[in-house]
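Below is one structure; the comments refer to it alone.
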Amino acid sequence: MMNKYLTLATLLLTLMTGASLADETDPVAHATAVRLAVGICGTCHGPRGISQQPKYPRLAGQNANYLVAQLKAFRGQTRGDPDAIGYMWGVAGNLEDSTMDALAQYYSGQTAGSGRGGDSALTARGKIIYEQGVAAVGVPACAACHGPDAHGIGDFPRLAGQHAQYVLKQLNSFQSNMRNVAVMHGVAQGLKTEEMSAVAEFLESQP
Ligand code: HEC
Ligand code: HEC
C-alpha cells in the first residue's frame with residue numbers, strides 16, 4: 001500500500017518537475033535512502049527533514065533537483081563554506097548517484113515545516129525586500145526566482161519556513177563567495193547585513 005503511494009508521488013513529482021531521475025523507483029535505492037534519512041541525516045536535519053535547530057537546514061518539501069545538486073556539490077567539494085566542509089563533505093562523500101536521487105525524492109516528498117513568527121518590524125521590512133528587491137543598489141526581487149510564496153520555482157530552491165539563521169549564513173557565504181554561485185553572488189552583493197537579517201526573518205515566518 002505504502003509503495004503504491006510512493007510510486008504515485010514519485011510519478012507526480014516527475015511530471016511536475018520534469019525531472020529525469022532514472023533511479024527514483026529503484027526499490028533498493030529507496031530503501032537505502034529511508035534507512036539513511038532515519039538513521040543518519042535525521043540526527044541533524046530532524047525527523048522527515050524538519051529540523052528544530054537553526055544550524056541544520058530544513059529539507060522537507062525542498063525541490064528534488066536542487067537537493068541532488070547540493071549533495072553533488074558536497075561530494076564534489078565545490079560547496080565550500082565551513083559548515084558544508086565540516087558537516088556535509090564527509091556525509092556525501094560516499095553516496096552513490098542513485099542514493100542521492102532517492103534521498104532527494106524522500107525529502108522533497110515530505111510536507112514542509114510550518115513558518116514561525118518573527119519580529120514583526122523586521123519581517124515587514126524583509127517582505128518588501130523579498131517582493132521588490134533593493135532597486136537603488138540593483139538587488140533583484142527574490143520572488144522572481146524563488147516564487148511569490150517562496151516555495152521555489154522550477155529548480156530554484158524553496159526558502160519558506162527555512163531557519164533564519166541558516167538563510168542569513170548562506171547569504172553571507174554567497175556574498176563572500178565561500179559558497180560560490182554566480183547568480184546568488186550577484187544578488188547578495190548589494191545587501192547590507194540588516195537587510196539580509198530582515199529577509200531571513202521574513203522567510204522563516206512563511207508557511
Ligand atoms: C552531523 C550533522 C549532519 C548530518 C548527519 C547530515 N547533515 Fe546535511 N547538513 C548539515 C549542515 C550543518 C548543513 C548546512 C551546511 C551549510 O551551512 O552550508 C547541511 C546541509 C545539507 C543540505 C543542503 C540544504 C540546502 O538547503 O541547501 C542537504 C541537501 C543535506 N544537508 C542533506 C543531508 C543528507 C541527505 C544527509 C544524510 C545522508 C545529511 N544531510 C546528513 C548537517 C548534517
Ligand atoms: C536570478 C534568480 C535568483 C534571484 C533573483 C534570487 N535567487 Fe536565491 N537562489 C537562486 C539559485 C539558482 C539558488 C541555488 C544556488 C545553488 O545552486 O547553490 C539560490 C539559492 C538561494 C539560497 C540558498 C538556499 C539554501 O537552501 O541553501 C538562499 C538563502 C537564497 N537563494 C536567498 C535569496 C534571496 C534572499 C533573494 C533576494 C534578495 C534571492 N535569493 C534572489 C536564484 C536566485
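Values quoted throughout were computed directly from the atomic coordinates according to the rules given, and no laboratory measurement underlies them. Bear in mind the structure is a predicted one, so any value in this text is a computation, not a measurement. Backbone-built Cβ (ideal geometry, glycine too); neighbour counts: all protein chains shown.
Could you list, in sequence order, the residues of segment 90-106 that are near ligand 1 (Cβ under 10 Å from one of its atoms) and out of contact with any His (no Cβ under 8 Å at 6 or more places or on another chain)?
Gly90, Val91, Ala92, Asn94, Leu95, Thr99, Met100, Leu103, Ala104
Being of a type in the set (Val, Ile, Thr) and either within 15 Å of ligand 1 (Cβ to nearest atom) or in contact with a Gly (Cβ under 9 Å, 6 or more places away or on another chain) (or both) is true for just one of Thr193, Thr123. Which residue is that?
Testing whether each residue is of a type in the set (Val, Ile, Thr) and either within 15 Å of ligand 1 (Cβ to nearest atom) or in contact with a Gly (Cβ under 9 Å, 6 or more places away or on another chain) (or both) leaves just Thr123.
For segment 106-146, name all the residues that are under 18 Å from Ala188 (Cβ atoms) and of a type in the set (Phe, Trp, Tyr).
The one that is under 18 Å from Ala188 (Cβ atoms) and of a type in the set (Phe, Trp, Tyr): Tyr130.
For segment 65-152, give me every one of the helices (runs of 4 or more DSSP H) that falls completely inside it and has 2 or more residues that are in contact with a Leu (Cβ under 7 Å, 6 or more places away or on another chain) and away from ligand 2 (no atom under 11 Å from the Cβ).
Counting at least 2 such residues, we get 97-108.
Can you pull out every residue in segment 82-98 that is of a type outside the set (Ser, Thr, Tyr) and either surrounded by fewer than 18 Cβ atoms within 10 Å (Cβ to Cβ) or at positive phi (or both)?
Within segment 82-98, Pro82, Asp83, Ile85, Gly86, Trp89, Gly90, Val91, Gly93, Asn94, Glu96, Asp97 meet the criteria.
Criterion first (closer than 24 Å to Gln165 by Cα, surrounded by fewer than 19 Cβ atoms within 10 Å (Cβ to Cβ) and not small (Gly, Ala, Ser)) does Arg79 satisfy it?
Taking the combined requirement at face value, the residue does not satisfy it.
Restricting the search to segment 41-58, which residues are near ligand 1 (Cβ under 6 Å from one of its atoms) and either within 16 Å of the chain's Cα centre (by Cα) or over 23 Å from Gly161 (Cβ atoms) (or both)?
Cys41, Cys44, His45, Lys55, Tyr56, Pro57
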